[in-house]
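Right, one structure below, let's go through it.
The values are calculated or read from the model by the stated rules, or taken from the named source; none is laboratory data. Computed from a predicted structure; not experimentally measured. Here the Cβ positions follow ideal geometry from the backbone for every residue, glycine too, while neighbour counts run over all protein chains shown.
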């Protein structure tokens, strides 16, 4: 690599991930700003390379008839995304434990990362599940990549009158902080109502319980609880903390300027062109960035929102959950967009090395 190129790449990575105390990048080369370009050498792996892809994400096996959505590569505006190396990743984290904490979008990224690593090294692996914890391990490297399903991060407590969402309680934190790397995520479930809402009451403070409250207010209160936990309880010299960012859905075609399409993301075969998403900033990401700015300890934001907003074409749509069962414009096909999320994670983990 030429000296000038190496310097440019170092500046690029520094700019994106220099967010000590939650301060987000506002200058230089930002890996999260750019556009999707067609690249016939993509994807990084095929679904047949990854025998453990869950049926929810295996769009090709589920009968999706097109595959052009697999051929797009994320191109930052002023630099290159560092090349992912699974072998280097596993060597670097030999003997370590990595934990994804969040909802099914965390599962999406966890599934992508395990596929990328397996494709790179073709090493023997094990998959175990203990309660709500999924454990993917490479014994030869003594590396475990785990997934803990926790849709809200804060606690949900079962009481006589129903489940209570405790916006100021985070008891699981005592277990989380034992890991070497943690990637957090929460957003998808905060707007669910009716039968999809897994709690009957929401509480903040000792005597402040409600049947419901403004969901964006509740979301921010929960994130602030998580932020206080990071600052008070995590030794960031031992544990690297990441936040996945908000993964957008594509249920409203008007957001990408297609008023005539009444089928949501179904039939979309290419990304939104250019660097800007017509629907504008995601409200959940705005709240998240506001909370991250308050944290005094180093927390790295994987700023995936805008690059994912541009990918209206990469959802399972009718080809998730075994094929033709409902419409999924929230999760992502694997291979697909979460692979780019993991390229950003790789860049952040290896910055300065």
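For region 302-313, the criterion of being over 19 Å from residue 224 (Cα atoms) and over 17 Å from the mean Cα position of the chain (by Cα) is satisfied by at least one residue.
The single residue among 48, 81 that is modelled with pLDDT under 95, surrounded by fewer than 22 Cβ atoms within 10 Å (Cβ to Cβ), within 30 Å of residue 136 (Cβ to Cβ) and under 18 Å from the mean Cα position of the chain (by Cα) turns out to be 81.
The rows are residues; the columns are (1) touching a helix residue (DSSP H, G or I) at 6+ places or on another chain (Cβ under 6 Å); (2) exposed (fewer than 15 other Cβ atoms within 10 Å of the Cβ); (3) closer than 16 Å to residue 90 by Cα.
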{"residue": "105", "(1), (2), (3)": "no, no, no"}
{"residue": "112", "(1), (2), (3)": "yes, no, yes"}
{"residue": "118", "(1), (2), (3)": "no, no, yes"}
{"residue": "179", "(1), (2), (3)": "no, no, yes"}
{"residue": "184", "(1), (2), (3)": "no, no, no"}
{"residue": "190", "(1), (2), (3)": "yes, no, no"}
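The number of residues in region 123-172 being within 22 Å of residue 217 (Cβ to Cβ), crowded, with 20+ Cβ neighbours inside 10 Å and touching a helix residue (DSSP H, G or I) at 6+ places or on another chain (Cβ under 7 Å) comes to 5. When restricted to residues that are in a loop (DSSP other than H, G, I, E, B), closer than 18 Å to residue 124 by Cα and without any contact (Cβ under 8 Å) to a residue 40 or more places away in the chain, region 41-58 contains 1.
Here residue 268 fulfils each of the conditions (1) in a loop (DSSP other than H, G, I, E, B); (2) out of contact with any helix residue (DSSP H, G or I) (no Cβ under 6 Å at 6 or more places or on another chain); (3) over 30 Å from residue 65 (Cβ atoms) apart from (3).
Just so you know, in region 11-45 the residues that are more than 20 Å from the chain's Cα centre (by Cα) and at pLDDT 90 or above include one that is surrounded by the most Cβ atoms within 10 Å (Cβ to Cβ), and it is 42. All of (1) in contact with a helix residue (DSSP H, G or I) (Cβ under 8 Å, 6 or more places away or on another chain); (2) in a loop (DSSP other than H, G, I, E, B); (3) farther than 19 Å from residue 285 by Cβ; (4) at pLDDT 95 or above hold for residue 259 with one exception: (4).
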